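Contents: one structure, followed by commentary.
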Amino acid sequence: LVARGNFLAQDRSDIRFAVKELSRRMAKPRVRDVASLKRFARYLALRPRLVTKYCKQGPLRTVVGWSDSDWAGCPETRKSTSGGVIMIGSHVIRTWSTTQSVIATSSGEAEFYAMVKTGSQLLGIRAMLADMGMEAKLQILTDASAAQGIAARRGLGQVRHIEVNTLWLQDQINKGKINVEKVKGTSNLADALTKHTSTAD
């Protein structure tokens with residue numbers, strides 16, 4: 001059943017987070033996990049279909065990645081979730097909701113790790129476009145000023161505990177290959193990928 005949900009989640013961003021949480025319990029499911037699966041099934045029964053429209057639009061030279069994170073959102077492991085949306089113009093190309101592999105000690109750190117994930121996805125999309133003979137600029141939109149500050153500097157600075165293998169993003173930003181801009185939290189599209197979708201939404 002979770003595998004069915006995982007298949008559907010490729011095209012349905014509204015269930016990405018729920019499927020991710022269900023998948024984490026596949027090895028040792030508990031009674032409450034079965035209850036969560038039933039809630040997920042009831043949600044799909046009420047909303048069996050989602051339509052994504054791709055309207056005609058002119059050529060666009062910028063691929064935008066929306067990035068967000070919930071800090072220590074898992075009450076058991078205290079790990080954070082990275083959520084992201086890749087868009088070309090008004091077209092959604094990719095979405096994801098993933099549990100971060102490390103425990104972030106601050107919201108800024110968690111948001112920075114989410115930006116790293118978004119940056120890697122953007123580089124993949126740019127490589128795919130290059131194979132088709134298209135060039136594109138890359139832009140990350142985030143609602144976290146602290147994470148934007150970490151990404152704009154060189155090196156660890158005062159935040160000594162950040163994983164060194166994520167600092168490649170700083171290099172890409174300083175070379176001008178990726179642009180980072182701040183957006184309001186209420187306008188961040190990736191926010192929906194870091195929490196459960198309520199039945200009222």
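The values are calculated or read from the model by the stated rules, or taken from the named source; none is laboratory data. Since we're looking at a predicted model, the values are computed, not measured. When we count neighbours, we look across all protein chains shown, and the Cβ atoms used for this are built from the backbone with ideal geometry, even at glycine. We work out accessible area using only protein heavy atoms, side chains counted, and drop any ligands, DNA or RNA first. Shrake-Rupley method; radii C 1.70, N 1.55, O 1.52, S 1.80 Å.
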Exercise. How many nm separate the modelled label positions at THR99 and ARG78, each set 7 Å beyond the Cα in the direction of the Cβ?
Worked result: 1.6 nm
Exercise. Long-range amide H contacts for ILE140: which residues qualify at under 5 Å (H placed 1.01 Å from N, peptide plane, sequence gap of 5 or more or a different chain)?
Worked result: GLY65, ASN179, VAL180, GLU181
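With a Förster radius of 30 Å, plug the Cβ-Cβ distance of LYS177 and VAL51 into 1/(1 + (r/R0)^6) and report the FRET value to the nearest 0.05.
Working: r = 35 Å, r/R0 = 1.16.
Calculated transfer efficiency: 0.30.
Return the FRET efficiency for the residue pair THR186, ALA27: r is the Cβ-Cβ distance, R0 is 35 Å, and the value is rounded to the nearest 0.05.
So the FRET efficiency works out to roughly 0.40.
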Problem set entry | Nearest-20 debye value, the chain charge dipole, Cβ charges on Lys, Arg, Asp, Glu | 560 debye
For this session: Apply the membrane-span-like helix rule to the chain: whole DSSP H runs, Cα extent along the own long axis of at least 27 Å, mean Kyte-Doolittle hydropathy at least -1.0. List the helices found.
Result: 107-131
Problem set entry | Pairs of lysines in the range 17-167 (C-alpha under 27 Å apart; 8 or more residues apart or interchain) | 13
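How high is the relative contact order of the range 14-127? Use alpha-carbon pairs under 8 Å, at least six apart in sequence, and give a whole percent. Write down the numbers at each step before the final one.
Details: 142 pairs, mean separation 26.6, N = 114.
Normalised by residue count, the contact order of the range 14-127 is 23 percent.
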Seminar exercise, completed: HN-Hα couplings for the range 182-191 via Karplus (6.51, -1.76, 1.60; θ = phi - 60°), in whole Hz with x for Gly/Pro, come out as 8, 10, 5, x, 6, 9, 6, 5, 6, 4
Exercise. To the nearest 10 Å², what's MET26's accessible area with a 1.4 Å probe?
Worked result: 110 Å²
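With the contact rule set at Cα under 8 Å and sequence spacing of 6 or more, what percent relative contact order holds for the chain?
Taking the mean separation of contacting Cα pairs over the length of the chain, I get 24 percent.
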Exercise. Where does the chain land at 222 nm, in deg cm²/dmol rounded to the nearest 500, when only DSSP H runs of n ≥ 4 count, each adding -39500 (n - 2.57), divided by all residues?
Worked result: -11000 deg cm²/dmol
For this session: Scan around THR81 for amide H atoms under 5 Å from its own, H built in the peptide plane at 1.01 Å from N, and keep only partners 5 or more places away or cross-chain.
Result: ASP70, ALA72, GLY73, GLN100
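Accessible area, 1.4 Å probe, largest first: how do HIS91, HIS161 sort?
Listed by decreasing accessible area, they come as HIS161, HIS91.
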For this session: For the range 51-133, give the percent of accessible area contributed by carbon and sulfur heavy atoms, probe 1.4 Å, rounded to a whole number.
Result: 58 percent
Problem set entry | Proximal aspartates and glutamates relative to LYS195, as straight alpha-carbon distance under 14 Å, when same-chain residues fewer than 8 apart are discounted | ASP14, GLU21, ASP68, ASP70
For this session: At 1.4 Å probe size, with every protein chain present, just tell me what the per residue accessible area of the chain comes to in Å².
Result: 58 Å²
